[in-house]
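Here, each number is a calculation from the coordinates, and none is a lab measurement. Please read these numbers as outputs of a predicted model, since none were measured by experiment. Note that each Cβ is placed from the backbone with ideal geometry, even for glycine, and that neighbours are counted across all protein chains shown.
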Amino acid sequence: MNQARGFTLIEMAIVLVIMTILIGGLAMPLSAQIQARRIAETSRIMEEAREAIIGYAMTNPAVPVNSRHLPCPDIDGNGTEDRAGNACAGVLGAIATGFLPWVDLGVASQDAWGNRLRYAVVAELAANNLGFSIGNPLPAQPLVACSNNACAAAAPDVANNLAFVLVSHGPNGWGAQNINNPAGTLLAAPNGPDEVANLDADRIYVSRAPTQPDVAAGEFDDRLSWISFPQLIPRVCPTGCSP
Ligand SMILES: [Ca+2]
Ligand SMILES: [Ca+2]
Ligand SMILES: [Ca+2]
């Protein structure tokens, strides 16, 4: 007598349920996959922008012999750097802030969420009558990166002595400018003080892990890139910035 038998419907159903749970647990939701791809794409865009800024400095001498200068920010939103004479336009204090001059640098005009990259630079390093060379002391008032907005510029806990900082406003885009809103206007304002710190014109920028709106420090999803002055010099002047 043949004892073999097939699966019952109940057994089949149990197997299907188990498989569904296993597959569901393994597969990342589509929205999360898209977000991860955009984050990776933005990291690539920011890395290319960072390298393009260094390349600009290598080919743009400043007035002092054997010195170079960094690009100024784009202020009016057309992608070209804006100057007032030798200095960057609209500088208040030690830092020039605006947007990445993507036209001058020949790089992407926006991050993976369609927003401009913000760009801050130590003003004296971008002034084409000052600039920097291999013998330069550290800038007296550099940009700094902190893990929260309350840190002191003199004691940053993430990175110090930064020559420039690039900011992507991340998935929420709060505080960003894009092709649809004219220069001077922003998408919705940030609701957390750490994202606000990446909008103002002072020396302190915040770089930390993302958080949701329900945490005390507020929503944060900005992404930053930078180079320190000590890292910049050997990249721009590997042989001493000779003509
Ligand atoms: Ca411009
Ligand atoms: Ca953001
Ligand atoms: Ca700030």
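Below, the figures for the structure above:
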read-out: Selection count where residues are loosely packed, with under 14 Cβ neighbours inside 10 Å and of a type in the set (Asp, Glu), scope the range 184-199; value: 0
read-out: The range 153-179 residues that are under 15 Å from PRO73 (Cβ atoms), paired with ones that are in a strand (DSSP E or B) and away from ligand 3 (no atom under 16 Å from the Cβ) (beta carbon under 6 Å, 6 or more apart); value: LEU162/SER228; ALA163/ILE227; ALA176/ASN115
read-out: Count of the range 203-216 residues which are more than 21 Å from GLN35 (Cβ to Cβ) and surrounded by fewer than 17 Cβ atoms within 10 Å (Cβ to Cβ); value: 1
read-out: Total residues in the range 139-181, condition assigned to a loop (DSSP other than H, G, I, E, B) and under 28 Å from GLU124 (Cα atoms); value: 20
read-out: Matching residues in the range 99-108 - criterion: being buried (at least 17 other Cβ atoms within 10 Å of the Cβ) and either aromatic (Phe, Trp, Tyr) or part of a loop (DSSP other than H, G, I, E, B) (or both); value: PHE99, LEU100, PRO101, TRP102, VAL107, ALA108
read-out: Candidates ALA62, ALA57, ALA96 - the one that is crowded, with 19+ Cβ neighbours inside 10 Å, among the small types (Gly, Ala, Ser) and within 16 Å of ligand 3 (Cβ to nearest atom); value: ALA96
read-out: The range 200-212: number of residues that are in contact (Cβ under 8 Å) with a residue 24 or more places away in the chain and either of a type in the set (Asp, Glu) or near ligand 2 (Cβ under 10 Å from one of its atoms) (or both); value: 2
